1. Give Arg244, Arg299 a once-over and let me know the one that is modelled with pLDDT under 95 and among the basic types (Lys, Arg).
2. For Ala238, which of the numbered conditions (1) buried (at least 21 other Cβ atoms within 10 Å of the Cβ); (2) not assigned by TED's automatic domain parsing to the domain that holds Met135 fails to hold?
3. Tell me, please, whether a residue that is in contact with a Leu (Cβ under 8 Å, 6 or more places away or on another chain), assigned by TED's automatic domain parsing to the domain that holds Tyr206, within 30 Å of Val334 (Cβ to Cβ) and modelled with pLDDT of 95 or more can be found in segment 104-117.
4. Which residue out of Val97, Val140 is buried (at least 17 other Cβ atoms within 10 Å of the Cβ) and in the same structural domain as Arg46 (by TED's automatic domain parsing)?
5. Here are Ile217, Ile223: which of them is in a strand (DSSP E or B) and of a type outside the set (D, E, K, R)?
6. Being at positive phi and in contact with a strand residue (DSSP E or B) (Cβ under 7 Å, 6 or more places away or on another chain) is the filter here, so list the residues in segment 175-217 that pass it.
7. Do you know which of the residues in segment 143-161 that are touching a residue at least 60 places away in the same chain (Cβ under 8 Å) and aliphatic (A, V, I, L, M) is surrounded by the fewest Cβ atoms within 10 Å (Cβ to Cβ)?
8. Just a yes or no: is a residue in segment 317-333 in contact with a helix residue (DSSP H, G or I) (Cβ under 8 Å, 6 or more places away or on another chain), loosely packed, with under 14 Cβ neighbours inside 10 Å, more than 28 Å from Val202 (Cα to Cα) and not assigned by TED's automatic domain parsing to the domain that holds Asn191?
Amino acid sequence: MNTVATIPRPIADYQSLSAEELCERTRAAKRALGERVMILGHNYQRDEVIQHADFRGDSLLLAKLAAERSERPYIVFCGVHFMAETADILSRSNQTVILPDMAAGCSMADMAAIEQVDQCWEQLGRVVPVEEAVMPAVYVNSAAVLKAFCGEHGGITCTSSNAKAVIEWCWARREKILFFPDEHLGRNTANKMGVPPDQMIVWDPYQPYGGNGKEAIKRARLILWKGHCSVHQMFQPAHVDHFRKQYPEGKVIVHPECHEDVVNKADLIGSTEFIIRTVTAAPAGTVWAVGTELNLVNRLKQELPDKKVFFLSSTICQCATMFRIDAPHLCWAVENLADGHVVNHIVVPDDEKRWARVALDRMMAIS
């Protein structure tokens with residue numbers, strides 16, 4: 001290892017290094033840190049980053065893994081900001097969470113600001129008694145402050161794999177659900193449950209009362225926030241049709257963040273982990289079109305050479321922020337840590353952490 005630095009090394013020192021040198025220096029820093037560090041890699045990360053991960057998976061799984069391994073004081077989370085926040089919420093007090101690039105975010109998570117949610121809650125309160133009638137449910141792809149809002153108001157978080165169970169939990173307690181920030185996950189789950197379309201409304205945070213009349217709000221059972229994932233939004237029904245013409249025997253599997261017109265044409269719908277498990281377990285020689293982030297699809301192609309795996313869209317579709325962490329930033333974060341410097345420390349304020357943990361615990365109790 002290099003001599004311990006007295007000040008953190010600047011990221012600029014790493015930008016011109018070759019891929020080989022970055023890889024070797026990252027491995028050397030990991031060896032020096034030993035059991036003190038754990039690198040977590042979200043499924044959507046690029047290969048140059050995921051190769052260094054001790055564990056890979058979806059955001060909640062990784063956060064839970066971090067909390068279960070409290071003997072490792074440093075968690076380097078290769079994902080996006082909300083994921084690192086969730087890891088900080090669930091981790092132990094002796095653990096420090098690091099995000100290699102603070103610009104790594106989620107466009108969908110950014111579509112619901114706490115000020116907008118507060119305003120929505122206040123406007124709903126002019127129409128119905130919100131604390132008794134409306135249950136807030138937030139996707140885990142959201143900022144800690146939004147999870148805390150749900151925890152404080154009796155609500156809950158959800159994932160793409162347990163959204164149905166969460167919706168059932170909410171309706172068992174209150175007549176309406178405010179589901180945010182992704183309208184597609186909420187609608188697709190409700191459609192599968194047989195909820196009539198006239199019992200759902202969309203809440204546009206830039207319109208008074210979300211663009212809805214008061215009678216529509218009173219009738220609605222599911223209030224869907226107008227938000228979406230920029231990657232999954234790009235898949236179109238025509239992509240499914242094109243694939244089926246080329247491969248009539250093929251299967252289409254998509255994430256529930258896709259538009260309902262795409263979901264309705266797909267053979268299978270499920271979370272990232274569901275997609276990985278399903279395609280991996282499929283018989284050799286089968287053909288798949290996968291509607292989710294490109295890095296994951298390419299990794300399935302590489303790791304499952306006995307199957308034909310295609311990206312559903314003909315257009316390159318990477319998440320610009322999920323894709324943000326690269327080899328230079330990871331090496332920079334890990335080498336500085338080996339030198340005794342914590343960079344990009346993610347800290348959720350105590351009050352937010354307490355209420356966000358309540359919302360997460362409610363979800364995990366029913367999952």
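The values are calculated or read from the model by the stated rules, or taken from the named source; none is laboratory data. Owing to the predicted nature of the structure, the values given are computational and were not obtained by experimental measurement. Using ideal geometry, Cβ is built from the backbone for each residue, glycine included, and neighbour counts are taken over all protein chains shown.
1. Working: Arg244 fails: modelled with pLDDT under 95.
Answer to the selection: Arg299.
2. With respect to (1) buried (at least 21 other Cβ atoms within 10 Å of the Cβ); (2) not assigned by TED's automatic domain parsing to the domain that holds Met135, Ala238 is out only on (1).
3. Within segment 104-117, none of the residues are in contact with a Leu (Cβ under 8 Å, 6 or more places away or on another chain), assigned by TED's automatic domain parsing to the domain that holds Tyr206, within 30 Å of Val334 (Cβ to Cβ) and modelled with pLDDT of 95 or more.
4. Working: Val140 fails: in the same structural domain as Arg46 (by TED's automatic domain parsing).
Val97 is the lone residue from the list that is buried (at least 17 other Cβ atoms within 10 Å of the Cβ) and in the same structural domain as Arg46 (by TED's automatic domain parsing).
5. Numbers: Ile217 fails: in a strand (DSSP E or B).
Checking each option against the conditions leaves just Ile223.
6. First pass over segment 175-217, keeping only residues at positive phi: 194, 209-211.
Gly210 - this is the single residue of segment 175-217 that is at positive phi and in contact with a strand residue (DSSP E or B) (Cβ under 7 Å, 6 or more places away or on another chain).
7. Within segment 143-161, the subset touching a residue at least 60 places away in the same chain (Cβ under 8 Å) is 143-145, 147-152, 155-161.
With the extra rule that they be aliphatic (A, V, I, L, M), the set shrinks to 143-145, 148, 156.
Values: Ala143: 24, Ala144: 25, Val145: 19, Ala148: 24, Ile156: 28.
Taking the candidates together, the pick is Val145.
8. no
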